[in-house]
Amino acid sequence: MPQFDATIKHIKDGVKGFTVKAAVTNIEGWEATLEKSETAGVKTLVKDLEHLKKLIQDENPKGDQIKKLLAKLGKETVTFAGKAEGKNAEKAKALGEALTHMVDEPEGEKEDAKGE
């Protein structure tokens, strides 16, 4: 799953710099990768990624719904990582934790940390 590092970097850099097109491409990459997995919980992740894709492509995206879904995806990803085997389990856990941290982070904290 080569998109771990790129996705984590986008999350840590702040998703506001992530265009809708780039986000959709990233989500579709994850869907394709996860659909090959037989790990428990993968179907829920894929379903939630599909829902996220629809939410971010909406003409009037609802930030509160997106934030809630990202928090759910973060928790699901950490749980999924605990069931996964192999070298990507730790990266999946880091991805889930990055999602959770991003959602839990107070508004404006990223900008303040960058000195903007």
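Some notes on this structure:
- Close pairs (6 angstrom Cβ cut-off, 6 or more residues apart or separate chains): of a type outside the set (Ser, Thr, Tyr) in the range 18-47, modelled with pLDDT under 85 and in a helix (DSSP H, G or I) anywhere: Phe18/His10; Gly29/Gln3
- Residue check, Asn88 modelled with pLDDT under 85, among the polar types (S, T, N, Q) and within 20 Å of Ala6 (Cα to Cα): yes
- The range 68-99: number of residues that are closer than 18 Å to Lys9 by Cα and without any contact (Cβ under 8 Å) to a residue 40 or more places away in the chain: 11
- Filtering the range 52-74 for residues that are among the basic types (Lys, Arg) and closer than 17 Å to Phe4 by Cα leaves an empty set.
- Some residue of the range 17-24 being under 12 Å from the mean Cα position of the chain (by Cα) and closer than 16 Å to Lys91 by Cβ: no
- The residues on offer are Glu97, Glu76, and the sole one that is touching a Ser or Thr at 6+ places or on another chain (Cβ under 8 Å), surrounded by 15 or more Cβ atoms within 10 Å (Cβ to Cβ), at pLDDT 90 or above and charged (D, E, K, R) is Glu76.
- Matching residues in the range 27-52 - criterion: being basic (Lys, Arg) and either in a loop (DSSP other than H, G, I, E, B) or modelled with pLDDT under 95 (or both): Lys36, Lys43
- Residues being of a type in the set (Ser, Thr, Tyr) and assigned to a loop (DSSP other than H, G, I, E, B) - total across the range 13-26: 1
- Within the range 13-51, restricting attention to residues that are basic (Lys, Arg) and either closer than 16 Å to Thr77 by Cα or in contact with a Gly (Cβ under 8 Å, 6 or more places away or on another chain) (or both), the residue that is surrounded by the fewest Cβ atoms within 10 Å (Cβ to Cβ) is Lys36.
The values are calculated or read from the model by the stated rules, or taken from the named source; none is laboratory data. Because the structure is a prediction, the values reported are computed rather than measured. Heads up, the Cβs are rebuilt from the backbone with ideal geometry, glycines too, and the neighbour counts pull from every protein chain shown.
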